[in-house]
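The values are calculated or read from the model by the stated rules, or taken from the named source; none is laboratory data. None of the values given here were measured: they were computed from a predicted structure. Neighbour counts are summed over all protein chains in view; Cβ atoms, including those assigned to glycine, are modelled from backbone coordinates with ideal geometry. In case anyone asks, the SASA skips ligands and DNA or RNA and just uses the protein heavy atoms, side chains included. Shrake-Rupley method; radii C 1.70, N 1.55, O 1.52, S 1.80 Å.
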Amino acid sequence: MEDFPRFTAAAVQAAPVYLDTAATVAKAVSLITEAASHGASLIAFPEVFVPGYPYWNWTMNPVQGSPWYERLYRTAIDIPGPHLDALRAAAAATKTTVVIGVNERSRHSLGLIYNSVVTIGPDGSVLNVHRKLVPTWAEKLTWGGGDGSTVRVLDSAVGPLGALACGENTNTLARFSLLAQGELVHVASYISLPVAPADYDMAQAIAVRSAAHAFEGKLFSVVACSTITDEMIEIAAGDDAGIAELMRRPNSALSGIFGPDGNPVVEPLVDEEGIVYAEIDLARCIQPKQMHDIVGAYNRFDVFQLHHDTTPRRPVVFGDRPAGEGFGSAGPVIGPWDPDESAARSA
């Protein structure tokens, strides 16, 4: 390949309209339009942007948080479904590649929500729906885990594209699998986490992880993080002034774009809402690979070997056909996606 994509990437740092799916999707569509008007070809959104993150898992006991789980389940989206269709239409209208985090409602169980990252192509096709493999700590009260079928690098309009959600970006083997599949553009989605332990600086943690993956893989990492609103604080803190103060802690969100040398391409945005833009030239990945190509000459595959199981996991299999979940019986959809065919196959 002689010609490498050059494009503008946009990392959105924003809060959803909390637990209001229609309003959050409308906000996402507006932000897609805004970013596209600034020339962005790739637009990255935060983790579970639609319609928000379950902060009550960190501040309430499971019994107190259960009614809020029900509310989140009711406002999670179906895939396929009308809310996803609105996002697909926005991507197609602006001819942009959109990566956005959603709460995905399970087809077969009222007790199961997935933390999913949806990648949409510039023609509106769904390229992948990646379900976070392992919910982090308190998140296990809300989300189930995905499987290896969606840990994929996509042949996208902006180049070889992969995505992971929040804590997955510390999973060395998940990241290595993406690198070994040829990833050159990585999207990392996060949430603002002021409820982390007192000595945990979320903004710094995001920067460290992003720089590490970009440097190790000699690639570009586009990082999008959500922000905190007063409504989120009111729900999660209730009458506890200490928790309310904690949730206003600074340095809890960072969005930006990191280059193949591990350095920011542009000044990251911390805590405030906004969109970070940067020009990406994938040709900049070539020369650094000569020094440390950990998925090529700078490795010993006779010594180390990673096995990545891409088998889709379903609750029941009838004969040779998986049933009951998501967007197709054969795992992720790479390329144009027919939602009617997908629904029929998973019925």
Check: Tell me, what HN-Hα J-couplings in whole Hz come from the Karplus equation 6.51 cos²θ - 1.76 cosθ + 1.60 at θ = phi - 60° for each residue of segment 306-314, using x for Gly and Pro?
Finding: 9, 9, 10, 7, 9, 5, x, 9, 10
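Given axes a ≥ b ≥ c from the Cα gyration tensor, I'd like to know whether segment 141-272 is rounded (a/c under 1.5), prolate (a/b larger than b/c) or oblate. Spell out each step's value before the answer.
On the way: a/c = 2.49, a/b = 1.74, b/c = 1.43.
Judged from the Cα gyration tensor, segment 141-272 comes out prolate (a/c at least 1.5, a/b above b/c).
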Note to self: Can you tell me what share of the DSSP beta bridges in segment 1-154 is antiparallel? A percent to the nearest 5 is fine.
What the structure shows: 55 percent
Next item on the list: Report, by chain and number, residues whose modeled amide H sits under 5 Å from the one on Asn128, excluding near sequence neighbours (fewer than 5 apart, same chain).
Entry: Thr119
Notebook entry, point to check: Of the chymotrypsin sites (Phe, Trp or Tyr not before Pro) in segment 223-310, which ones lie in a loop per DSSP and count no more than 10 other C-beta atoms within 10 Å?
Noted result: Phe301, Phe304
Next item on the list: Report ³J(HN,Hα) in whole Hz for each residue of segment 35-50, in order, from the Karplus equation J = 6.51 cos²θ - 1.76 cosθ + 1.60 where θ = phi - 60°; Gly and Pro get x.
Entry: 5, 5, 5, 9, x, 6, 9, 10, 10, 10, 10, x, 4, 5, 4, 9
Check: So who's got an amide H within less than 5 Å of the one on Val265, skipping anything under 5 residues away but keeping other chains? H placed 1.01 Å off N, in plane.
Finding: Ile257, Phe258, Gly259
Check: Among the DSSP beta bridges whose two residues both lie in the chain, what percent are antiparallel, rounded to the nearest 5?
Finding: 60 percent
Checklist line | Whichever aspartates and glutamates have a C-alpha closer than 17 Å to that of Lys140, once near sequence neighbours (fewer than 8 apart) are set aside | finding: Glu47, Glu70, Glu104, Glu168
Note to self: At 1.4 Å probe size, what's the solvent-accessible area of His292? Round to the nearest 10 Å².
What the structure shows: 60 Å²
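Students sometimes get this wrong: rank Glu70, Glu216, Glu2, Glu139 by accessible area, probe 1.4 Å, all chains present, largest first.
These residues rank, largest area first, as Glu2, Glu70, Glu216, Glu139.
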Next item on the list: For segment 1-52, just say rounded, prolate or oblate: build the C-alpha gyration tensor, square-root its eigenvalues into a ≥ b ≥ c, call rounded for a/c under 1.5, and beyond that prolate if a/b exceeds b/c, oblate if not.
Entry: prolate
Notebook entry, point to check: From the phi of every residue in segment 121-134, what ³J(HN,Hα) in whole Hz does the Karplus formula 6.51 cos²θ - 1.76 cosθ + 1.60 yield, where θ is phi - 60° and glycine or proline is x?
Noted result: x, x, 9, x, 6, 7, 8, 6, 10, 8, 9, 3, 5, 9
Margin query: What is the sum of charges, Lys and Arg at +1 and Asp and Glu at -1, for the other residues whose Cβ falls under 13 Å from the Cβ of Gln181?
Written below: 0
Check: What net charge do the residues around Tyr277 carry, taking every other residue with its C-beta under 13 Å from that of Tyr277, with Lys and Arg at +1 and Asp and Glu at -1?
Finding: -3
Next item on the list: State the Cα centre-to-centre distance between segment 1-79 and segment 253-325 in whole Å.
Entry: 20 Å
Margin query: At 1.4 Å probe size, with the rest of the protein present, what percent of the exposed accessible area of segment 107-183 is carbon and sulfur atoms?
Written below: 58 percent
Notebook entry, point to check: Per residue, what volume in Å³ does the convex hull of the Cα atoms of the chain enclose?
Noted result: 137 Å³
Note to self: If you roll a 1.4 angstrom probe over the protein chains with everything in place, what fraction of the accessible area of segment 7-67 belongs to carbon and sulfur, to the nearest %?
What the structure shows: 58 percent
Margin query: Skipping prolines and chain starts, which residues have an amide H placed within reach, meaning under 5 Å, of the one on Leu133, given they are 5 or more residues away or on another chain?
Written below: Gly146
Note to self: Run the reach check for Lys27 against lysines, Cα to Cα strictly under 24 Å, same-chain hits fewer than 8 apart removed. What comes back?
What the structure shows: Lys95, Lys132
